[in-house]
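Participant: Quick one: the structure is below, and I'll ask about it shortly.
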There are 2 protein chains.
Amino acid sequence: MASRLGRVAGVTIGDVAAAARVSRSTVSRAFTRPQLLSPATVEHVLTTAARLGYVGNQAARALSTGRFGNIAVVVPDIANPFFPPLVRSLQLAAESADLAVFLGDSDESAEREAKLIARLAPQVEGFVLASPRLSEQLIRELAATRPVVLVNRDLDGIARVLIDSSGGMTEAVLLLKKLGHQRLAYLAGPRDSWSDGQRRTTLARVSEQAGLTVEVIETGRPSYAAGRDSVAAIVRSGATAAIAFDDVVSQGVLAGLEVRGISVPADFSLVGCDDTLAALTSPALTTVSAGAASAGAAAAKLLISLLETPDSGRTAAGGSAGPAPGHGGDVGGAGGACVRIGTHLVVRGTTAVARAGVVT
Amino acid sequence: MASRLGRVAGVTIGDVAAAARVSRSTVSRAFTRPQLLSPATVEHVLTTAARLGYVGNQAARALSTGRFGNIAVVVPDIANPFFPPLVRSLQLAAESADLAVFLGDSDESAEREAKLIARLAPQVEGFVLASPRLSEQLIRELAATRPVVLVNRDLDGIARVLIDSSGGMTEAVLLLKKLGHQRLAYLAGPRDSWSDGQRRTTLARVSEQAGLTVEVIETGRPSYAAGRDSVAAIVRSGATAAIAFDDVVSQGVLAGLEVRGISVPADFSLVGCDDTLAALTSPALTTVSAGAASAGAAAAKLLISLLETPDSGRTAAGGSAGPAPGHGGDVGGAGGACVRIGTHLVVRGTTAVARAGVVT
DNA sequence: ATGAAAGCGCTAACAC
DNA sequence: GTGTTAGCGCTTTCAT
């Protein structure tokens, strides 16, 4: 029994039924399938319910229907400025589909991520996994169970939204070239990050085409300190411009540069990524926009559409039978849809014409 | 019926019971009250359950017990850098009490906040309301229903954690005085914000005692733009130092100052609040630490303790019968506990000795 | 168009 | 120590 008074407020469907002098089914229908009832009845029931302050019990509904009306978004670190806008727009979009959202913070650990997912799974209809650290296998297992949308992780056959930084990256390289820079440094992100992989690749390709050299400087987990501490390596490399994995690293570089009396952009050009902090600082950072907010909205939309098409979301049994891999753009309605968000360069205060020989 | 296959995976307690050749109650007990069973049985049941991949159905459990194992945290804007660390530590703390957390973003609107709460209430055991925009009355109504913990909102009789900026603010004023500043400006926050109120009051009091004048400059909703645009007013005021409502505003001021060729800290001193961005920028901001993370952890702890003491959390019927108001510190276990988080000044790069007459 | 009744998966008296 | 039984509040056939 549930007699203990830890119980939800407590106007039940039965109370409404009694007050409205109809059966419980009628009350239920008034909410879920009003077209089956006479308008008068619906009106009457709804009014009564409102008067009594009736709120359907989600748990009971879920028990009966198997639908919870909840989704979960899990991120590696909500304090990383990339994620809040994403989560925010996701939540706002979910709200308009009347979905409540659980937030899980995995603290950058695959293990915690798995635990969180297991904990949340039984009360959630679908997941948005942003930059998941989880192994591909586990993700596929989960996706076989219920709709999953990935953000910035590219697993064939699973719905995902990818922030494609190649556009912005390319623009950045081209701009730096035009400004006369010849040696670039890339302050890399975590090796297992899809975004970092994509950025490395693009950078290598475009720089080569443009006839520039790019030195990759590893920073491990990206942070202000990591950026600041890699300035020595940057200087050593002889680069006159750097592109950082994200804005936080970029700020660190800025600080490190300043300590050495290298002024930006006079002596050195700097480009960040994600546009998370870039507009908020002084000098404002030149950066590659990332549209985290659009990604959040897109992920929500994708998940919602998966939820609506009855048995989508669960991946097909096999796993290799997809269409031509590496395709871009939307795959209409399919469980393995992939939406790519384009990026561009936002030029602000930290890039300028190269002053040959100033650095080193 | 719930025949539709939108259903959760599907190993039920009955399946486990059958497989283990015991009754359903035994299976249930093996999980919830193992001490009531013989160790052998427990072992046996648990093994069987694991083998079958049994996961308890949260909805059913909730329906039966009235406990959901969920809490909700609602914030006005998760993209405001003050909140992510708070939410993060809250979530981490909740996790260790095996509570899942819903996130609600009210988009700074009292109305949306109310809607969110109503939507979440039926599947949540308690709320953490961070800087709620909701009316006092609505908050009290909610708190009469279930445990509620407020952050940065001071309602007598309701559990709350308050970030007390008076410590840090006082230190800031004293430091500025020592550096020779005599006219201060305060870039104010929203009038209905508890934090802003506290900061204004402290500032007025301490400045007076220290013999300094402080000009309050209203900025409305605090933002980078608001800070930047209020530089004209700052200059007009003749202040040689400013304290901003938060770090974001502070960065705006920094930018605005720079445009006018006023250099910080050489010509002007600047103090931020909350330490959200301050350490990540260049120059690093002198700021009043806010311990948003500690606040999150404290709020979680408070809510958890409320959840554990059977009928706490619901406020007493009346509402005025509390003990002496305005007390500080913990009130052990009571529903109206108030924990205050102290703050201090973190001196970084944006404060220096006043250069009389440089500004204006 | 509406009511009656069964049952979702679980917990908690209450027997034994 | 373990089984039996009665619901938690809701949706949904199936009758009417």
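Participant: Shortest first, in nm, what separates the label point of B:L138 from those of the same position in the other copies (7 Å along Cα→Cβ)?
Facilitator: Spelled out, the distances from B:L138's label point are 3.9 nm.
Participant: Can you give the helix-only mean residue ellipticity at 222 nm for chain A, where every DSSP H stretch with n ≥ 4 adds -39500 (n - 2.57) and the sum goes over all residues, rounded to the nearest 500 deg cm²/dmol?
Facilitator: Theoretical 222 nm ellipticity from helices: -12500 deg cm²/dmol.
Participant: Same structure, new question: What's the long-distance tail for the protein assembly as shown, i.e. % of Cα pairs beyond 34 Å?
Facilitator: Tail of P(r) above 34 Å: 54 percent of Cα pairs.
Participant: Around A:H344, which amide H atoms from residues at least 5 apart in sequence, or from another chain, sit under 5 Å from its own amide H, with H modelled in the peptide plane?
Facilitator: A:G168, A:S289
Participant: How big is the B-A contact in terms of buried accessible area, both chains counted, 1.4 Å probe, rounded to the nearest 100 Å²?
Facilitator: 5000
Participant: How large is the dipole of the range B:164-216 about the Cα centre if only Lys and Arg carry +1 and Asp and Glu carry -1, each at its Cβ, rounded to the nearest 20 debye?
Facilitator: Result for the range B:164-216 is approximately 160 debye, rounded to the nearest 20.
Participant: If you line up the long axis of helix B:247-259 against the longest principal axis of chain B, both from Cα atoms, how many degrees apart are they, to the nearest 10?
Facilitator: 30
Participant: For B:C338, which sequence-distant residues (separation of 5 or more, or a different chain) have an amide H within less than 5 Å of its own amide H, given hydrogens modelled in the peptide plane?
Facilitator: Under 5 Å from the amide H of B:C338 lie the amide H atoms of B:R160, B:V331, each far enough along the sequence or on another chain.
Participant: OK, next. Taking the alpha-carbon set of the range B:48-186, what are its Rg and Dmax in Å?
Facilitator: Rg then Dmax for the range B:48-186, in Å: 19.8, 75.
Participant: A further question follows. Charges at C-beta only: +1 for Lys and Arg, -1 for Asp and Glu. How large is the resulting dipole of the protein assembly as shown about its Cα centre, in Debye rounded to 20?
Facilitator: Computed about the Cα centre, the dipole is about 1220 debye.
Participant: For the rotation bringing B onto A, which B residue has its Cβ nearest the axis, and at how many Å?
Facilitator: So the chain B residue sitting closest to the axis is B:L103, 2.
Participant: Given H placed on each backbone N at 1.01 Å, which residues far from B:L187 in sequence or on other chains put an amide H within less than 5 Å of it?
Facilitator: Those qualifying (amide H under 5 Å, at least 5 residues apart or on another chain) are B:I217, B:I243, B:A244, B:F245.
Participant: Along each of the three principal axes of the Cα atoms of chain B, give the extent in whole Å, ordering the values from largest to smallest.
Facilitator: Principal extents (largest minus smallest coordinate, Cα): 89, 45, 37 Å.
Participant: Taking the Cα atoms of the range B:151-259, what is the range of coordinates along each of the three principal axes, in descending order and whole Å?
Facilitator: Projected onto its principal axes, the Cα set of the range B:151-259 covers 47, 31, 16 Å.
Participant: Another one. Taking the full set of protein chains and a 1.4 angstrom probe, give the accessible area of B:E308 in square angstrom, rounded to the nearest 10.
Facilitator: For B:E308, solvent-accessible area is about 140 Å².
Participant: Of the DSSP beta bridges with both residues in chain A, give the percent that are antiparallel, rounding to the nearest 5.
Facilitator: 5
Participant: When the Karplus curve 6.51 cos²θ - 1.76 cosθ + 1.60 is applied with θ = phi - 60°, which whole-Hz ³J(HN,Hα) does each residue of the range A:278-295 get, with x for Gly and Pro?
Facilitator: Per-residue couplings from phi come out as 3, 7, 9, 10, 9, x, 5, 8, 6, 8, 8, 4, 10, x, 4, 5, 4, 4 Hz.
Participant: Between B:A226, B:A20, B:A159, where does the largest GNM mean-square fluctuation fall for chain B, given springs only between Cα atoms within less than 10 Å?
Facilitator: Highest fluctuation among the options: B:A20.
Participant: Ignore the peptide's own chain and count Cβ atoms of other chains within 10 Å of each Cβ in B:118-125; give me the average, rounded.
Facilitator: Taking all residues of B:118-125 together, the mean is 5.
Participant: Let me ask something else about it. At what distance in angstrom do the alpha carbon centres of the range B:126-199 and the range A:191-227 lie from each other?
Facilitator: Between the Cα centres of the range B:126-199 and the range A:191-227 lies a distance of 43 Å.
Participant: Could I ask something else about it? Residue-wise, which Karplus ³J(HN,Hα) couplings in Hz belong to the range A:69-80, taking 6.51 cos²θ - 1.76 cosθ + 1.60, θ = phi - 60°, and x for glycine or proline?
Facilitator: Once rounded to whole Hz, the list reads x, 10, 10, 10, 10, 10, 10, x, 6, 5, 7, 6.
Participant: For the pair B:A19/B:S263, report the inter-label distance in nm, with labels modelled 7 Å from Cα in the Cβ direction.
Facilitator: Roughly 7.3 nm, to one decimal.
Participant: What accessible surface, in Å², does a 1.4 Å probe find on B:D246, ignoring ligands, DNA and RNA and rounding to the nearest 10?
Facilitator: Accessible area, nearest 10 Å²: 10 Å².
Participant: Can you put A:Y186, B:Y54 in order of accessible area, largest first, using a 1.4 Å probe?
Facilitator: Largest accessible area first, the residues go B:Y54, A:Y186.
Participant: Expressed as an acute angle from 0 to 90° and rounded to the nearest 10, what is the orientation of the C-alpha long axis of helix A:39-52 relative to the principal long axis of chain A?
Facilitator: The helix A:39-52 is inclined about 70 degrees to chain A.
Participant: For chain B, modelled as a GNM with alpha-carbon contacts under 10 angstrom, which of B:G238, B:G197, B:G211 fluctuates the most?
Facilitator: Fluctuation is largest for B:G211.
Participant: In degrees from 0 to 90, rounded to the nearest 10, what is the angle of the helix A:194-210 Cα long axis to the longest principal axis of chain A?
Facilitator: Approximately 40 degrees, to the nearest 10.
Participant: Can you compute 3J(HN,Hα) from phi for each residue in the range B:104-116, using the Karplus curve 6.51 cos²θ - 1.76 cosθ + 1.60 with θ = phi - 60°, rounded to whole Hz and x for Gly and Pro?
Facilitator: For the range B:104-116, the Karplus-derived couplings read x, 10, 7, 6, 6, 10, 4, 5, 4, 4, 4, 4, 4 Hz, x marking Gly and Pro.
Participant: Okay, moving on. By DSSP, what percent of the beta bridges with both residues in the protein assembly as shown are antiparallel, rounded to the nearest 5?
Facilitator: Expressed as a percentage, antiparallel bridges in the protein assembly as shown total about 5.
The values are calculated or read from the model by the stated rules, or taken from the named source; none is laboratory data. These numbers were taken from a predicted model, which means no experiment stands behind them. No Cβ is skipped: glycine too gets one built from the backbone with ideal geometry, and neighbour counts run over all protein chains shown. Side chains included, ligands, DNA and RNA excluded: accessible areas come from the protein's heavy atoms. Shrake-Rupley method; radii C 1.70, N 1.55, O 1.52, S 1.80 Å.
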